[in-house]
Structures are given as C-alpha cells and as structure tokens.
Amino acid sequence: MFTKKIDKKIKLIFIFMLLILFLVVVRVFYIQVFEYKKLNKLAGNLWSRNLEIEADRGRILDRNGKVLADNLTTSSLVLVPNQIKDKEKVTKKLANILGISYKSMKIHVYKKTSIERVHPEGRRLSYDVAKKINDLKLDGVYLVKEAKRNYPYKDFMSHVLGYVGIDNQGLSGIELQYDKYLKGENGVIKYFSDAHGNKINLSDIYKAPTAGMDVRLTIDIDIQKSIERELKNIQDMFSPDMALAIAVDPNTGEILGMGSNPDFDPNKYKEYGTNVLNRNLPIWDAYEPGSTFKIVTMASSVEEKVIDIFNDHFYDSGKVNVDGSVLKCWKSGGHGDQTFLQVLQNSCNPGFVKLGQLLGKERL
C-alpha cells in the first residue's frame, strides 16, 4: 500500500515536470518564431550606434538648367565619448584646432552619451580643419560627411531663393516652400559597441543617403542679371528706401525674373537682420497701380477707336466729379485745352476719367 502511494506521487511529479517542460518548449518556440524580429531589433538597439550621413539637398535651377543653388561637401565632428581613451589629450587638441575654449570642448568630450555631435563649433568644417582632426587618428573621434548649401550668384534673387539653416532646413523663399522635395533622406553608418562603448568586431552597416529632388524655376538667369544690374544702378543713383522689379511672360504668367533691394547674400545670412531677410518686396508688399495703369486705359481707347489721339481735344479744368467724388489733377488749375496725346503726356487724371467714361465699364 505504501509503495503504491509513492509510485503514484512519482507519476504525478513526472507528469507535472513534463507539463512544465512542454510549456517551456512552447514558449521558446513562440519567442524564436513569432517574436524573433521584435526581440532581435530590441537587442540590436542595445549594442548598435548610428552615425547619420546627411543627404545632399536638391539643386535649384533656372529655366535653362543653370544652377542657382547647389551644395559643397564638408565634414562635421562626432564623438563617441566611451571610446576616447585619453580625454584630457583629446579635449586640448580638438579645442586648439577648432579655436574654442578648453571648457567648451570638455563638455562634449566628457558627456555621458553614446554619440555626441559637436554643435555648432564642429559643424561644416573647412577642408584644412577637417584634415588636421583626421590626421590625429584619435579613438572615438569621427568625421562625417555633410553638405553645405552654396549660392554661386550670392545676392542675386536672394529673397526668391531664400536660405537654409545649420541643419540644411529651408527657412525662407523657394528653400522653405519646396523643402520637402529638396531635403532628401539621410543615410547612416551603423556600428556596434558593448555597454561600455567599446567597439565590437562586427561589420559596419552602411545605408547610403538619398539626395533631394532638383527644383527648376521659370526664372531666366540672363533676365535676372539685367534686373539685378538695374536695381543696383537705381540704388547707387537715388539711394531709395527700396527698389523692386518683376519680369513676367504675359502669355503664360511665368515669372522670368524677380528682385528687390535691399538684398542679402544667403551664404552669409546670419550677418543680416530680419528686416532684410524676410522682405521679398514684390510679393510681400501691396501697391496701388496708380498712373502706371493709365497706359491700359489709353491703349484700350485707341484700340476701340473711341478717340483720335492726335486730333480730339479735352479741356482740363483741374478737377472732375465722378458719382459724387471729386478727382483732382496733379496740376493746380488743370492743363486747359489739350489733345488726348497731351492727356497721356501730362498724366492728366480728369482726361483719363473721360476716356474711361467713353469706353464704358465692360470694354475697359
């Protein structure tokens, strides 16, 4: 009887152990098959580190394919603090090359982080500075490629093109309006390190950046050069508060050239205030057409043959009443008797009111 009870208990324990073993096998199978990707990704994140590679920004072109904005290849400084063996030495050498204080550089070198971008002192370095850093061959010190925006025509159509910030993001003009097309997709170099930041002997993974799309404008650079030249002449001759010009194809509405002064060099936008950077006058401000529209009224009158510009006369008394509103001529007392050609030459307001009345609303 006693022996049978012991055998029964052993069988129960054995069945219980088999059940546990079965549950373990099922759990392992579930982890290996169904949760493998998720757990592998989580594990990879623990030992993988990413060095981002900036994509080239798309170019901005004129209507004939001439480059208005492109890129220069530069390097930026990135540190992996846990891989730096002699922090004191690295701090002194990098501070000296970058021309910054030991204290400022120390903050980056001693920072408790997996990857530290030296910003802004280490961004978009010149070739000479990057070479000096590279020649040191310091552990934990890396140079990654970055693209710097370049405007070859400098202050030409600066308000139209706009400018980009330190991270190559569009901040105004075409650069801002079409930023999502121009900016591209950054690449990455993925390397592996342990919990202490020491590099693991595994092959690095490289994902190439994708350059942004080019944007072609209706602007013609040759027409734009003429506009810029004349705006500068006006500025030199008259020193106006502002000067602006737009060239438009009347058949399509395409903008062939657009410029305004004061302007700026987008390569050095930090040297200018917002009162210059953010004022693209041709589209930013509002203007009353005024006397410039009189040529339309006159041309319409000639086209519709409501007057003989050489022989028909108009007497200007200096003012005219239009539906209860008195419109005055710029000349006190008016111009007296004159042909309609003289009405045009004198920019006579009452004379043009008469032309408008002769044409009628619909024809005008």
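Every read-out reported here was derived from the displayed coordinates using simple, explicitly stated rules and does not represent laboratory data. Bear in mind the structure is a predicted one, so any value in this text is a computation, not a measurement. Cβ sites come from the backbone with ideal geometry, for glycine too, and all protein chains shown count toward neighbours.
Take every pair of alpha-carbon atoms less than 8 Å apart whose residues are at least six positions apart; their mean separation over the length of the chain yields a relative contact order of 15 percent.
Taking the fewest neighbouring Cβ atoms within 10 Å as the starting point, the ordered list for Thr252, Thr91 is Thr252, Thr91. Taking the fewest neighbouring Cβ atoms within 10 Å as the starting point, the ordered list for Met242, Met105 is Met242, Met105. Taking amide H as placed 1.01 Å from N in the peptide plane, the amide H of Glu254 sits under 5 Å from that of Asp249, each at least 5 places away or on another chain.
Kirkwood analysis of the chain, using all unique Cα-Cα pairs, places the hydrodynamic radius at 27.9 Å.
Please give the FRET efficiency for Arg279 paired with Lys89, using the beta carbon to beta carbon distance and R0 = 56 Å, rounded to the nearest 0.05. The value I calculate is 0.65. Database remark: amide H of Leu68 closer than 5 angstrom to the amide H of Ile60, Leu61, Asp62 (H placed geometrically; neighbours at sequence offset of 5 or more, or on other chains; Pro and chain starts carry no H). Label sites at Val24 and Ser226, each approximated as a point 7 angstrom past Cα along Cα to Cβ, lie 8.8 nm apart.
Length gained on full extension, Trp330 to Asn311, computed as 0.36 nm times the residue gap minus the Cα-Cα distance: 4.5 nm. Could you put Phe156, Phe293 in order, starting from the residue whose Cβ has the fewest other Cβ atoms within 10 Å? Listed from fewest to most nearby Cβ atoms, that is Phe293, Phe156. Compared with the direct C-alpha span, the chain from Leu39 to Arg123 gains 26.7 nm at full extension, assuming 0.36 nm per residue. Relative to its residue count, the stretch 64-202 spans a Cα convex hull of 149 Å³ per residue. Using only alpha carbons, the stretch 83-125 has a radius of gyration to Kirkwood radius ratio (Rg to Rh) of 0.92. Relative to its residue count, the stretch 290-359 spans a Cα convex hull of 76 Å³ per residue. Taking label points 7 Å from Cα along the Cα-to-Cβ direction, Lys145 and Ala286 give a separation of 4.9 nm.
Taking the 0 to 90 degree range and rounding to the nearest ten, how far is the long axis of helix 2-33 tilted relative to the main principal axis of the chain, both from C-alpha atoms? On a 0 to 90 degree scale, this one is about 30. Our helix-only sum for the chain, with -39,500 (n - 2.57) per DSSP H run of n ≥ 4 divided by its residues, gives a mean residue ellipticity at 222 nm of -11500 deg cm²/dmol.
Over 26 Å between Cα atoms, which of Lys154/Lys180; Lys92/Lys131; Lys145/Lys232 qualify? From Lys154/Lys180; Lys92/Lys131; Lys145/Lys232, over 26 Å: Lys145/Lys232.
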